[in-house]
Every structure is written in structure tokens, then in C-alpha cells.
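Shown next, in C-alpha cells, is the structure this report addresses.
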Amino acid sequence: MIKLLNEYLKERFGCKVYKLALNGGFTCPNRDGKIDTQGCIFCSAGGSGDFAESPDMTIHEQIESGKKRVEKKIKNGKYIAYFQAYTGTYAPIDKLRKLYYDAVSHPDIVAISIATRPDCLPPEVLDLLSEIRQIKPVWIELGLQTIHEKSAKYIRRGYKLSVYDEAIKELKKRQIEVITHVIIGLPGETVSDMTETVKYVCNAGTDGIKLQLLHILKNTDLAIDYEQGLVHALSEDEYIDILKECTKVIPENVIVHRLTGDGDKKILIAPMWSGNKKHVWNRIQKEVLV
Ligand code: SF4
């Protein structure tokens, strides 16, 4: 039986814990020209952080604003500062130091979680993360999406699988927890391709996994391919069936952080059924988590 994030957080921190999506004002090497200028094929203008707070506010202001948004859902809980938008380790080290320290110094923050790319973890960043880890837990979320080079090329990920392997090794060496993002429904991937990816990251030592349905969002190159009939958007039944297979290969010690997509409905083109989160979650509970 897989372990879901909420249950794990309650066990670990003794209360309900909510992730607050912050914005450190980062960019991404896959957009600023260091690797590419186009970005990953599915990535929205918000750098996959469409729910994050505004980078114009200080980190403490963003935390307070995020807390206000969720205050009805969480009473006497704690929070994880989640640097979600763009590449959260891709900035000068002094800027990173200030952002991370600002986040961990907030009394309601129990951990920080940073979404990044495995090719954006140079030694000085790893050292900084180790330093922060002495204060509060640090989670690094790696957007791997797939182990298959053909798909990686199509989505313009911009790094090889070996870069992920090396990053996870370095992070684990420093006892920094790793969460790996995997996309379900990449064009041309079979169910067995997707379960292979899930198996691979679990064996590589990831502490957590996010399975995210491929969303086709407005103003992305993926949307152009979709409109030209080159991309199939998964049906709800297909997605549930794939989840059944993928969750079978996740061991109990790997925490499942997500089993759905998290696309902004305002920019979602397909699959539209995924916008009905309550209904999808009910099906997952009845058909996948049994
Ligand atoms: S690495 Fe992340 S932020 Fe950069 S283009 Fe890809 S999905 Fe977007």
C-alpha cells in the first residue's frame, strides 16, 4: 500500500501541514538561453508555478499571504515553504541564501521544498542546502518527468538521465530529501514506459514521487502540437488505469506527493476532465488506493 503525503506529514510533524507556493523571482536555464530559450514544451509562462505568490513581495509577506488563502482549510497547522516557480536553485548564491534563510526563519515554516533541475545543483548550492538542512528539513524536487531519452528530447528537458542520477547521489550523500516529478501521458509513452520510469526513480533513492498528468496549457508549444493532432490527451479512464499500474511499483518508503495534475483551469486546454478535481480524486480513492 502506498503512503500519501498528508498522512506522512501528520506522522512526521504531528499536525496538518500545508505547502505554500512561493515565488523567489527565479528564471530557468531552459528559458534564459543557457541551455535553451524555448523552455520545456509543456511549461506555462508562469514556469510551472501558476499558483505561486507574487515575487514582488518579500518571502515573509508571501508566506503570510499564502497562509491567509488557506486559513479556512487549516487550523493550528504548519507550513512548508515551497519555491515552486521556475528553477529554485538557479540564482546567485547570495540571493539563494537570503531567500532560503528568510523562509526557514518564519516560525510557522517546518520545512522548505525547492523545485529545480538536476543540472542546477553546483557544489556551492549543495553546500548551502546542507547548511539550511541543519536548521529545518530541505526537500529538493527534481523535474525528471521521464527516463526515456526520446520523450526527454521531445519535451526539450535539456539534460541526460545521468545528470539526474548524479544529482540524487549528491543530495542523498548530504541527507537532503529528494522528490522526483514524473509526467503521466507523455506523447508516445506506453504504460510500461511510465511504470519503468517510476520503478527507476524509486530504485535511484528518491524519497518522494509526484505523478502528474500531462496538461496541455495555453501558449505552449505542446498546445500547438495538440491542435495539429500530434498529441493525445489521456482520457480519465486511461489515466486511472495507468495510475493503477504505476502505484503497484512504488514501495512503501517512497512517499506519494501527488497523483493528479495541478494545472491552472484558466489556461488548461486538455484534458478538461482533470479540472474536476473532486471527482478525479474520488475515483483515485475508490479504484487506485485500494
Ligand atoms: S525546467 Fe521547469 S521552469 Fe524551466 S522550462 Fe522546464 S518546466 Fe519550465
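A few remarks follow.
- Single unsatisfied condition, residue 189 versus (1) of a type outside the set (A, V, I, L, M); (2) farther than 21 Å from residue 164 by Cα; (3) at pLDDT 95 or above; (4) touching a Ser or Thr at 6+ places or on another chain (Cβ under 7 Å): (2)
- Helices (runs of 4 or more DSSP H) contained entirely in segment 39-158, each with at least 1 residues that are within 16 Å of the ligand (Cβ to nearest atom) and of a type in the set (D, E, K, R): 149-154
- Per the conditions (1) within 18 Å of the chain's Cα centre (by Cα); (2) over 30 Å from residue 221 (Cβ atoms); (3) surrounded by fewer than 17 Cβ atoms within 10 Å (Cβ to Cβ), the sole criterion not satisfied by residue 25 is (2).
- Among residues of segment 10-35 that are closer than 19 Å to residue 118 by Cβ, those with a beta-carbon under 6 Å from a residue that is acidic (Asp, Glu) and assigned to a loop (DSSP other than H, G, I, E, B) at least six positions away or on a different chain give the pairs 30/36.
- Checking 115, 91 one by one, the residue that is modelled with pLDDT of 95 or more and under 30 Å from residue 187 (Cβ atoms) is 115 and no other.
- Filter result for residue 19 (out of contact with any Cys (no Cβ under 6 Å at 6 or more places or on another chain), within 30 Å of residue 285 (Cβ to Cβ), open to solvent by 20 Å² or more (accessible area, probe 1.4 Å) and more than 14 Å from the ligand (Cβ to nearest atom)): yes
- The set of residues in segment 119-168 that are open to solvent by less than 10 Å² (accessible area, probe 1.4 Å), closer than 17 Å to residue 35 by Cα and not hydrophobic (A, V, I, L, M, F, W, C) comprises 157, 164.
- Residue in segment 66-77 that is over 30 Å from residue 194 (Cβ atoms) and in contact (Cβ under 8 Å) with a residue 60 or more places away in the chain present: yes
The values are calculated or read from the model by the stated rules, or taken from the named source; none is laboratory data. All figures in this text were calculated on a predicted structure; none of them were measured in a lab. Virtual Cβ from ideal backbone geometry, glycine too; neighbours counted across all protein chains shown. Only protein heavy atoms, including side chains, enter the accessible area calculation; ligands, DNA and RNA are left aside. Shrake-Rupley method; radii C 1.70, N 1.55, O 1.52, S 1.80 Å.
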